[in-house]
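Right, one structure below, let's go through it.
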Amino acid sequence: MGSSKPTIVVDAMGGDFAPANEVAGSILGLQESQNAFSIVLVGKEEEIQKHLRGAEIAGLPISVVNAPEVITMEDSPTAALKQKKDSSLAVGMNLHKEGKADAFVSAGNTGAVLSASTLILGRVKGVSRPTIGAFFPTEKGVCLLVDAGTNVDCRPQHLYEFAVMGSIYAKKIFKYDNPLVGLLNVGEEESKGNEVVRDAYKLLKASRLNFAGNVEGRDVLTGRIQVVVCDGFVGNAILKFAESVPSFLKARLKSYAEKNILRKGMLGLVRGTLKAVFKEMDYEEYGGVPVLGVNGVSIIGHGTSTPKAIKNMILKAAELATADINKHIEQTLADSVTHRALAGDTISMPAHP
């Protein structure tokens with residue numbers, strides 16, 4: 001893009017409450033950032049304009065591109081991209097590919113957004129499989145878990161690449177000087193796990209990453225490890241379990257308070273603290289998850305994303321658009337190939353799955 005300010009494409013028809021939440025979230029993002037970027041809302045123009053007319057948008061760099069079709073949550077991801085070429089997802093992603101925007105944001109069909117990100121934007125050179133990461137609040141900051149559900153079956157090379165991409169993200173976005181990377185396993189010993197994990201351990205151990213070795217599920221929230229690597233089957237199970245924790249805790253606290261008035265009073269005294277703790281566990285604070293390893297910036301959010309969540313997705317996209325992460329991923333993977341060749345590495349994988 002020629003402008004110093006990034007342009008963010010928002011899939012205005014993605015999500016359960018589109019386009020109302022997408023429009024509201026976009027306005028919040030521009031207001032909070034003081035117009036640090038511009039936004040292009042892509043979708044059914046008449047519906048989008050209806051929501052814009054009832055909002056305060058004077059002076060905001062926001063525009064609309066018409067896309068008459070919508071990919072729903074029920075659509076098959078790859079089939080929908082072929083059959084609905086005028087969808088908000090396809091039109092918006094192509095704007096990004098053509099250089100008319102610097103990032104893409106959607107709370108729509110996750111599989112379709114992943115497919116579009118890979119098929120339309122393409123992969124970063126050296127990346128076998130793009131991945132998505134999930135964020136977990138910890139005792140000392142934030143932990144990035146990769147893969148969070150994109151790749152159910154993985155090879156050692158894939159896990160190594162996830163570690164590289166996750167480490168670069170943690171360094172550039174979370175500002176960790178030298179992120180500590182752990183390989184999720186059923187024990188800390190090097191001999192633990194299946195063949196894929198054991199071979200991935202060898203690749204990570206021989207790499208230039210700050211590799212901590214094998215870690216277990218209990219290590220995710222301690223803050224000791226900044227990047228946890230696993231396949232998408234395990235990662236998604238952890239993510240979905242973690243998403244259920246806040247509502248469970250709230251229910252338990254409510255039940256505790258209802259036992260007697262003394263307990264209710266005790267909880268009332270720490271309400272502010274509890275609210276702050278639950279805020280850190282709220283997905284809305286993180287907005288969405290990045291698709292790592294594609295030639296662009298693509299952020300995926302929950303289908304139920306509120307305006308606040310949409311806003312935070314947009315802010316994250318703007319940050320990534322200026323961080324040049326893909327260049328670092330490509331260079332690091334190229335350097336690692338040379339490093340492993342010089343070291344006589346016998347665990348090698350083809351460039352493509």
* Report the local net charge at PRO19: Lys and Arg +1, Asp and Glu -1, summed over other residues whose C-beta lies under 15 Å from its C-beta. => -3
* **Relative exposure of TYR201, TYR160, TYR176, judged by other C-beta atoms within 10 Å (fewest first)** => TYR176, TYR201, TYR160
* Structure fact -> For the range 134-233, listing GluC sites (Glu not before Pro) in a DSSP loop whose Cβ sees at most 16 other Cβ atoms within 10 Å gives GLU139, GLU188, GLU189, GLU190, GLU216
* To do: Over the chain, calculate the relative contact order: mean separation of alpha carbon pairs under 8 Å at least 6 apart, over the residue count, as a percent.
  => 23 percent
* Take every DSSP beta bridge whose two residues both sit in the chain, then give the antiparallel share in percent to the nearest 5. => 30 percent
* Asked: With labels modelled as points extended 7 Å from the Cα through the Cβ direction, what inter-label distance (nm, one decimal) is found for ALA36 paired with LYS50?
  -> 3.4 nm
* To do: List every residue whose amide H lies under 5 Å from the amide H of LYS44, counting only residues 5 or more places away in sequence or on a different chain, with H placed 1.01 Å from N in the peptide plane.
  => ALA67
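Between the DSSP loop rule and a limit of at most 10 other Cβ atoms within 10 Å, which GluC sites (Glu not before Pro) in the range 24-85 are left?
Qualifying residues, ordered by number: GLU56, GLU74.
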* the chain, Rg to Rh (Cα coordinates; Rh as Kirkwood inverse mean 1/r) -> 1.00
* To do: With a length cut of 18 Å (Cα positions projected on each helix's long axis) and a Kyte-Doolittle mean of at least 0.0, go through the chain and give me the DSSP H helices that pass.
  => 20-33, 232-257, 307-321
* Asked: Taking trypsin sites (Lys or Arg not before Pro) as exposed when DSSP calls them loop (any state but H, G, I, E, B) and at most 10 other Cβ atoms lie within 10 Å, what is the longest stretch of the chain free of them, the sites themselves excluded?
  -> 1-174
* To do: For n ≥ 4 DSSP H runs only, could you compute -39500 (n - 2.57) per run for the chain, divide by its residues and tell me the 222 nm figure to the nearest 500?
  => -14000 deg cm²/dmol
* To do: Note down the magnitude of the dipole of the chain about its Cα centre, charges +1 on Lys and Arg C-beta and -1 on Asp and Glu C-beta and zero elsewhere, to the nearest 20 debye.
  => 720 debye
* Non-local Lys pairs in the range 155-267, i.e. 8 or more apart or on different chains, that have alpha carbons under 26 Å apart -> 14
* Asked: Roughly how many Å is it from the Cα centre of the range 105-130 to that of the range 10-89, as a whole number?
  -> 19 Å
* Mind listing the phi-derived Karplus ³J(HN,Hα) values for the range 98-103, rounded to whole Hz, using 6.51, -1.76 and 1.60 with θ = phi - 60°, and x for any glycine or proline? -> 7, x, 8, 8, 9, 7
* Options HIS96, ALA170, SER191, ranked by Cα towards positive dipole end of the range 75-205, top entry (Cβ charges) -> HIS96
* Which cross-chain or sequence-distant (5 or more) residues have an amide H under 5 Å from the amide H of SER87, H modelled 1.01 Å from N in plane? -> GLU69
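A short reminder: the numbers here are calculations on the coordinates, not readings from a lab. In this text the structure is predicted, and so the values were computed from the model without any measurement. As a convention, Cβ positions derive from the backbone with ideal geometry for all residues, glycine included, and neighbour counts pool all protein chains shown.
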